[in-house]
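Q: This is the structure, below, for whatever I ask next.
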Amino acid sequence: MKFNTKTIHGGQEHDPAYGAVMPPIYQTSTYAQSTPGGHKGYEYSRTHNPTRNALENAFASIENGNYGLAFGSGLAAIDAVIKLLKPGDEVISTNDLYGGSYRLFTKIFEGFGLKFHFIGMQNASNIESYINDNTKLIWVETPTNPMMNIIDIKAVSNIAKKHDVLLAVDNTFATPYLQVPLDLGADIVMHSATKYLGGHSDVVMGALIVKDKDLADRLYFIQNASGAVCGPQDSFLVLRGIKTLHVRMQRHCENGRAVAEFLVSHPNIEKVYWPGFEDHPNHDIAKEQMTDFGGMISFIPSGGDYEKAIKIVEKMKVFTLAESLGGVESLSGHPASMTHASIPKEEREKSGVVDSLIRLSVGIEDKDDLIADLKQAIG
Ligand code: P1T
């Protein structure tokens, strides 16, 4: 089945009760048993729920995995992955990543005796010098949030395999429409399904997808034991969102390109970060592992400082100033004070997240309106 068909049908069966084409929202916490253990495959909704299962099957299908798991948020999904580890274990992570992931790693899991190394991975061989006997996981975001760096998943996977270390890829920005990390050798794919998979800024959710049965069993155990699951209503909404993922992504990419090209040719813009530019330092890898370049763009206004950036985001009208990304509507963000505020200034500036940086999630509106909005805001 090709991707555009999988988004609609992948892992789906018509409801066995009445043939409903969309899975019903099984709004129930529990299931009747005729005798202890005498049930129809469902006991309690933290463990299993038919609507959530339909969504988990869709996750597995679109990411070319065998097993999908849905969580109450992207961070809950990451939390479950880190719970595979034990005190003393070490993780090597990209140094440019969502601020909330950084906060979870440093403020929660370092307290449980795990060690995190945040490093630049644009040159994958950089990773080797951080690997030792305690290294158990490599955590990659690509494209990175918000600097749009690209990490060579295949190259990192070769290093991970050589040292028997798990590789997890946060595929939130790209989605499987643009890149399929499991096909490139990753062991775990993670999503903030809040973003492109849901696609309509109306749900907070996380996803994990794996191929390996043993790894899936360990993660299902954590999902059930820790209990950070999502509800049936939200499962239904994300399942509905996935059905148009390919169509939305096509337009996100088209509009993203138009906005990136507008910004780069604007005299009052100093720098634009978008992997589709030929002079982006990782453009060749992006071209190889992605089918297009997506709708996420970051930029710095000329002579930019904090005040100038704030003025621009305040002036935008079609772009809404808000946390999050990946919905049908265009959003702007100021990473230093919003999504990445939990990273110490010194740390975030090392990876380029300066006070003048603005991030755009380019939506699927008419691109002329988006460009006109940017024009009036930038001046
Ligand atoms: O918000 P949540 O669903 O818990 O997902 C966390 C998360 C994980 N990974 C990436 C790459 C993310 O971008 C996020 C959430 N990001 C934002 C809210 C944001 O505006 O960047």
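Yes/no matrix, rows are residues, columns are (1) within 13 Å of the ligand (Cβ to nearest atom); (2) within 30 Å of PHE277 (Cβ to Cβ):
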| residue | (1), (2) |
| --- | --- |
| GLU128 | no, yes |
| MET148 | yes, yes |
| LEU215 | no, no |
| ILE222 | no, no |
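Q: Would it be correct to say that THR244 is within 23 Å of LYS367 (Cα to Cα) and either charged (D, E, K, R) or touching a residue at least 60 places away in the same chain (Cβ under 8 Å) (or both)?
A: So THR244 passes the test.
Q: Hey, another quick one. From MET290, MET316, which residue is in the same structural domain as ARG359 (by TED's automatic domain parsing) and in contact with a strand residue (DSSP E or B) (Cβ under 8 Å, 6 or more places away or on another chain)?
A: Unique residue meeting the criteria: MET316.
Q: Among the candidates ASP234, ASP292, which residue alone is among the acidic types (Asp, Glu), more than 22 Å from GLY74 (Cβ to Cβ) and at pLDDT 95 or above?
A: The unique qualifying residue is ASP292.
Q: Just to confirm my filter: which strands (runs of 3 or more DSSP E) fall fully inside the range 88-159 and include at least 3 residues that are at pLDDT 95 or above, open to solvent by 30 Å² or more (accessible area, probe 1.4 Å) and not assigned by TED's automatic domain parsing to the domain that holds GLY256?
A: Because the criterion is at least 3 residues that are at pLDDT 95 or above, open to solvent by 30 Å² or more (accessible area, probe 1.4 Å) and not assigned by TED's automatic domain parsing to the domain that holds GLY256, the strands (runs of 3 or more DSSP E) in the range 88-159 that meet it are 115-119.
Q: If a residue must be modelled with pLDDT of 95 or more, part of a loop (DSSP other than H, G, I, E, B) and either open to solvent by less than 70 Å² (accessible area, probe 1.4 Å) or within 16 Å of the ligand (Cβ to nearest atom) (or both), how many such residues does the range 354-379 contain?
A: 8
Q: When the residues of the range 166-184 are narrowed to those that are touching a Lys or Arg at 6+ places or on another chain (Cβ under 6 Å) and more than 10 Å from the ligand (Cβ to nearest atom), which ends up least open to solvent (accessible area, probe 1.4 Å)?
A: This residue is LEU182.
Q: In the range 299-346, what residues are in a helix (DSSP H, G or I) and surrounded by 15 or more Cβ atoms within 10 Å (Cβ to Cβ)?
A: The answer is LYS308, ALA309, ILE310, ILE312, VAL313, LYS315.
Q: Inside the range 59-75, can you point out the residues that are within 15 Å of VAL169 (Cα to Cα) and open to solvent by 20 Å² or more (accessible area, probe 1.4 Å)?
A: ASN64, LEU75
Q: Of everything in the range 192-213, what is open to solvent by 10 Å² or more (accessible area, probe 1.4 Å) and either free of Cβ contacts under 8 Å to residues at least 24 places away in the same chain or away from the ligand (no atom under 16 Å from the Cβ) (or both)? Give them in sequence order.
A: Matches in the range 192-213: LYS211, ASP212, LYS213.
Q: Another question, then. State yes or no: is VAL189 part of a helix (DSSP H, G or I), in contact with a strand residue (DSSP E or B) (Cβ under 9 Å, 6 or more places away or on another chain) and either of a type in the set (Lys, Arg) or open to solvent by less than 10 Å² (accessible area, probe 1.4 Å) (or both)?
A: no
The values are calculated or read from the model by the stated rules, or taken from the named source; none is laboratory data. Note that the structure is a prediction, hence the values are computed from the model and not measured. When we count neighbours, we look across all protein chains shown, and the Cβ atoms used for this are built from the backbone with ideal geometry, even at glycine. We work out accessible area using only protein heavy atoms, side chains counted, and drop any ligands, DNA or RNA first. Shrake-Rupley method; radii C 1.70, N 1.55, O 1.52, S 1.80 Å.
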